[in-house]
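The values are calculated or read from the model by the stated rules, or taken from the named source; none is laboratory data. As the structure is a prediction and not an experimental result, all values here were calculated from the model. Cβ sites come from the backbone with ideal geometry, for glycine too, and all protein chains shown count toward neighbours.
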Amino acid sequence: MIIDLHTHSSVSDGTDRPAELVAKAAREGIDVIALTDHDTFDGLAEAGRAAVEHGVELLGGLEMSTQRRGHSVHLLGYGGRQDDPALVAELARVRAGREDRLTPVLARLAALGMTLSEEQVRHHVGASPSVGRPHVADAMVAAGYVADRTEAFDRFLADGGPAHVPRYATDLVDGLRLLRAAGAVTVVAHPWGRGKEWQLPEEVWPALAAAGLDGVEVDHFDHGPDQRRRLRAIAADNDLLVTGSSDHHGMGKVDHELGRERTDPEVYAEIRRRLDERAGRAAPGSPGR
Ligand code: AMP
Ligand code: FE
Ligand code: FE
Ligand code: ZN
């Protein structure tokens, strides 16, 4: 059974429409796919229809942009009440912060000799309700300033880079609480990706677990074997679920093919069980209350 719990569509910075992504998953033999676009649930209705059509199981979710001490942490939220008013309002605030950053980013790029209009960037936004750095990167590629998204980030757009402009993101613990209050299951995405071990060291995990964190994404392209081993130990010590996923972005990221990293079926069953419990549904076969 192939379970991939973290993917992106063109409703954020992936390149496939939600329906295309689900159809592709079906073709590639994926049994369960979670669509987790950045800070929006907008792709889930389309993905849900495609999932029925293609016989793939869809877990609805998102990847929320949070921060701890000013440094970005991506938080996956699965299931729950996606119309929860507090959550909806906070996601709108995050997306607005991403939008507001576009003008200053373009000013920085222009100062670096790379002129781009807002129009040129909007051309790459697809169905996303907010314009992010990957879309700016795509416009830089189209204009011939860089070869690909990776070069755009490595040289200019990555955190701390010459064209990077910080934006609003929810405090990590506030994000956890918002998602949990909406009945979602929460997992920290790629916690140690891109060399950021210092940001979520071993000693912070008990507090995250206490704030309601359910799991940690260990099997991710950005983690090496030693990091995975140590993250598994942290998960065991803090009673956290261990997940794995491709973090697929369509053509937007290489080496992130669907199903490349997977979640254990037993872990997935536990995620479903927690969602049922939080929705007030008794699991099949369990005594009623
Ligand atoms: P934004 O939400 O606009 O700040 O853009 C963040 C997104 O850009 C992330 O979700 C990743 O998909 C992508 N990203 C961030 N850092 C890098 C990087 N160093 N290289 C490639 N992609 C990145
Ligand atoms: Fe992304
Ligand atoms: Fe991420
Ligand atoms: Zn992601």
Discussion item. Every residue in the range 174-212 that is within 16 Å of ligand 3 (Cβ to nearest atom) and not in a helix (DSSP H, G or I), please.
Written reply: 186, 187, 188, 189, 190, 191, 192, 196, 200
Item to complete: Find all pairs meeting these conditions: Cβ atoms under 6 angstrom apart; at least six residues apart or on different chains; first residue within the range 247-276 and more than 11 Å from ligand 1 (Cβ to nearest atom); second residue of a type in the set (Gly, Ala, Ser) and at pLDDT below 95.
Response: 273/283; 276/283
Response to the item:
Scanning the range 244-255 residue by residue, those modelled with pLDDT of 95 or more and either farther than 23 Å from residue 135 by Cα or not in a loop (DSSP other than H, G, I, E, B) (or both) turn out to be 244, 248, 250
Practice prompt. Return the total of residues in the range 70-109 being closer than 17 Å to residue 164 by Cβ and more than 16 Å from ligand 4 (Cβ to nearest atom).
Written response: 14
Discussion item. Could you list, ordered by first residue, the pairs with Cβ atoms under 9 Å in which the first is in the range 169-192 and on the phi > 0 side of the Ramachandran plot and the second is within 16 Å of ligand 1 (Cβ to nearest atom) and at pLDDT below 95, at least 6 apart or interchain?
Written reply: 190/196
Response to the item:
If we take the range 1-91, then strands (runs of 3 or more DSSP E) inside it with 3 or more residues that are polar (S, T, N, Q) are 57-68
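Just to verify a result, which residue in the range 21-40, among those that are in contact (Cβ under 8 Å) with a residue 40 or more places away in the chain and more than 16 Å from ligand 1 (Cβ to nearest atom), is nearest to the chain's Cα centre (by Cα)?
Of all residues in the range 21-40, those in contact (Cβ under 8 Å) with a residue 40 or more places away in the chain come to 21, 24-25, 28-30, 32-34, 36-40.
If we keep only those that are more than 16 Å from ligand 1 (Cβ to nearest atom) as well, we get 24-25, 28-30, 32-33.
Working: 24: 19, 25: 18, 28: 21, 29: 22, 30: 19, 32: 16, 33: 13 Å.
That would be 33.
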Worksheet item: Based on what the data block shows, is residue 152 at pLDDT 95 or above, under 30 Å from residue 45 (Cβ atoms) and not in a loop (DSSP other than H, G, I, E, B)?
Response: no
Practice prompt. State which residue pairs qualify: first residue within 24 Å of residue 157 (Cβ to Cβ) and inside the range 66-95, second residue in a helix (DSSP H, G or I) and modelled with pLDDT under 95 in any location, beta carbons under 7 Å apart, and separation of 6 or more residues or different chains.
Written response: 68/199; 71/199
Item to complete: Could you identify the single residue in 93, 27, 69 that is farther than 23 Å from residue 175 by Cα and surrounded by fewer than 17 Cβ atoms within 10 Å (Cβ to Cβ)?
Response: 27
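Which one of these is in contact with a strand residue (DSSP E or B) (Cβ under 7 Å, 6 or more places away or on another chain), within 16 Å of ligand 2 (Cβ to nearest atom), on the phi < 0 side of the Ramachandran plot and modelled with pLDDT of 95 or more: 231, 258, 241, 213? Even if it seems obvious, please write down each step before you answer.
Working: 231 fails: within 16 Å of ligand 2 (Cβ to nearest atom); 241 fails: within 16 Å of ligand 2 (Cβ to nearest atom); 213 fails: within 16 Å of ligand 2 (Cβ to nearest atom).
Within the list 231, 258, 241, 213, the selection yields 258.
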Discussion item. I need the full set of residues from the range 168-222 which are within 16 Å of ligand 4 (Cβ to nearest atom), more than 23 Å from residue 93 (Cβ to Cβ) and either aromatic (Phe, Trp, Tyr) or touching a Gly at 6+ places or on another chain (Cβ under 9 Å) (or both), in order please.
Written reply: 192, 217, 218, 219, 220, 221, 222
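I'd like to know if the range 1-14 contains one or more residues that are more than 15 Å from the chain's Cα centre (by Cα), without any contact (Cβ under 8 Å) to a residue 24 or more places away in the chain and farther than 20 Å from residue 91 by Cβ. I'd like the intermediate steps shown before the answer.
As a first pass, look at the range 1-14 and keep what is more than 15 Å from the chain's Cα centre (by Cα): 1-3.
Checking the rest, the ones that are also without any contact (Cβ under 8 Å) to a residue 24 or more places away in the chain come to none.
No: zero hits.
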